[in-house]
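Student: Here's a structure for you.
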Amino acid sequence: MRKKIVVGNWKMNLTRAETESLLSSLLPLISDATAQVGVCPGFVALSTVADQLSGTNVGLGAQNVFWKESGAFTGFVSPAMLKDVGVTYVLVGHSETRGRFGKLEVPATTVGFFAETDETVNLKIKSLLPHGFTPILCVGENLAEREAGNTDSVIQSQLDGALVDLSADEIAKLVVAYEPVWAIGTGQTCDTPEAERVCGMIRAHLRTKVADVAKSIQIQYGGSVKASNAADLFSQPNIDGGLVGGASLMAEEFAAIVKAAG
Ligand code: PGA
């Protein structure tokens, strides 16, 4: 039986004072949650949020990482730095760090945090696992890929690239988030049967790599999850919770989504 997991991705929002205020409203509302819950603030708020989450049932997540331990990498943040502030979850391969913002796609030549490739996603996962983090690996197709009938092959190749040279034991430590790019921040949610189909396809693809371990891997859906659609999505056999952007910035809305996960 897989536990449900709901993670809020605050993206490039909220000052430290705003994170404190959001969490003061949110934490009492979800103190009895049975689902695993996490929030991913911006890097500069991680330490403040870590203090506020201490002793609560909410885990701390980061939105990105660089795969080197230390060194001359101006502007980047290492796994060791994230560990130091108490992070446990790390988003990897989010469509926005892959440079995919719906209609606006950052050219693949762009370096830095944007336009990361399956190879850099793989390097990030490999750098996180020895520290005991739970990487949340995001995969998903854009609208053109969906309309061309390539949804499954795009996601399978993202999974193949992300999981190169990982053992079954290592893959078992991941959470996978299915996030169709066209549903992120658009208010347009993937309908439940299709979200379930794709999450089932992801699990079947993982089974080809890690056999029975695949049944224990948590697979989230992300893309305009709201209080009004969360219960329906999370009731599906292959959807083990949600990765929530916009709605995670509102305490009551996010609390309702957490409740929908049990
Ligand atoms: P959204 O974002 O809930 O605002 O669509 C989800 C995500 O990008 O993780």
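Student: So is Ala183 within 11 Å of the ligand (Cβ to nearest atom) and either under 25 Å from Pro41 (Cα atoms) or open to solvent by 10 Å² or more (accessible area, probe 1.4 Å) (or both) or not? Lay out the reasoning, then the answer.
Tutor: Details: within 11 Å of the ligand (Cβ to nearest atom): yes; either under 25 Å from Pro41 (Cα atoms) or open to solvent by 10 Å² or more (accessible area, probe 1.4 Å) (or both): yes.
Yes.
Student: Got a number for residues in the stretch 55-86 being polar (S, T, N, Q), open to solvent by 60 Å² or more (accessible area, probe 1.4 Å) and touching a residue at least 40 places away in the same chain (Cβ under 8 Å)?
Tutor: Number of matching residues: 0.
Student: Shifting gears a bit: If I filter the stretch 226-237 for residues that are within 16 Å of the ligand (Cβ to nearest atom) and within 15 Å of the chain's Cα centre (by Cα), do I get at least one hit?
Tutor: no
Student: I'd like the full set of residues that are hydrophobic (A, V, I, L, M, F, W, C) and modelled with pLDDT under 95, limited to the stretch 74-91.
Tutor: Residues of the stretch 74-91 that are hydrophobic (A, V, I, L, M, F, W, C), as a first pass: 76-77, 80-82, 85, 87, 90-91.
Result: Phe76, single match.
Student: Now a separate question. For the stretch 1-105, please list each of the strands (runs of 3 or more DSSP E) lying entirely inside it that holds at least 3 residues being of a type in the set (Gly, Ala, Ser).
Tutor: Numbers: elements: 5-9, 36-40, 58-62, 89-92.
Counting at least 3 such residues, we get 58-62.
Student: Moving to a separate point now. Scan (1) open to solvent by less than 20 Å² (accessible area, probe 1.4 Å); (2) modelled with pLDDT under 95 for the single condition Gly140 breaks and write down its number.
Tutor: Unmet condition: (2).
Student: In addition: Does the stretch 94-107 contain any residue that is more than 16 Å from the ligand (Cβ to nearest atom), out of contact with any strand residue (DSSP E or B) (no Cβ under 6 Å at 6 or more places or on another chain) and of a type outside the set (S, T, N, Q)? Can you show your working first?
Tutor: Going residue by residue through the stretch 94-107, those that are more than 16 Å from the ligand (Cβ to nearest atom) are 107.
From the residues that got through so far, the ones that are out of contact with any strand residue (DSSP E or B) (no Cβ under 6 Å at 6 or more places or on another chain) too are 107.
Checking which are of a type outside the set (S, T, N, Q) leaves us with 107.
Yes: the stretch 94-107 contains one or more residues that are more than 16 Å from the ligand (Cβ to nearest atom), out of contact with any strand residue (DSSP E or B) (no Cβ under 6 Å at 6 or more places or on another chain) and of a type outside the set (S, T, N, Q).
Student: Still on this structure, please answer the following. On the basis of being modelled with pLDDT of 95 or more and either farther than 24 Å from Val210 by Cβ or open to solvent by less than 30 Å² (accessible area, probe 1.4 Å) (or both), does Ala162 make the cut?
Tutor: Working: modelled with pLDDT of 95 or more: yes; either farther than 24 Å from Val210 by Cβ or open to solvent by less than 30 Å² (accessible area, probe 1.4 Å) (or both): yes.
So Ala162 passes the test.
Student: Considering only residues that are open to solvent by less than 60 Å² (accessible area, probe 1.4 Å) and under 21 Å from Gly241 (Cβ atoms), which ones fall in the stretch 30-54?
Tutor: Ile30, Ala33, Ala35, Gln36, Val37, Gly38, Val39, Cys40, Pro41, Val49, Leu53 - these are the residues of the stretch 30-54 that are open to solvent by less than 60 Å² (accessible area, probe 1.4 Å) and under 21 Å from Gly241 (Cβ atoms).
Student: Within the stretch 126-157, which residues are touching a residue at least 60 places away in the same chain (Cβ under 8 Å), among the hydrophobic types (A, V, I, L, M, F, W, C) and in a helix (DSSP H, G or I)?
Tutor: Leu128
The values are calculated or read from the model by the stated rules, or taken from the named source; none is laboratory data. Predicted, not measured: the structure shown is a model, and the values here were computed from it. Counting neighbours? That spans all protein chains shown, and the Cβs are built from the backbone with ideal geometry, glycine included. Side chains included, ligands, DNA and RNA excluded: accessible areas come from the protein's heavy atoms. Shrake-Rupley method; radii C 1.70, N 1.55, O 1.52, S 1.80 Å.
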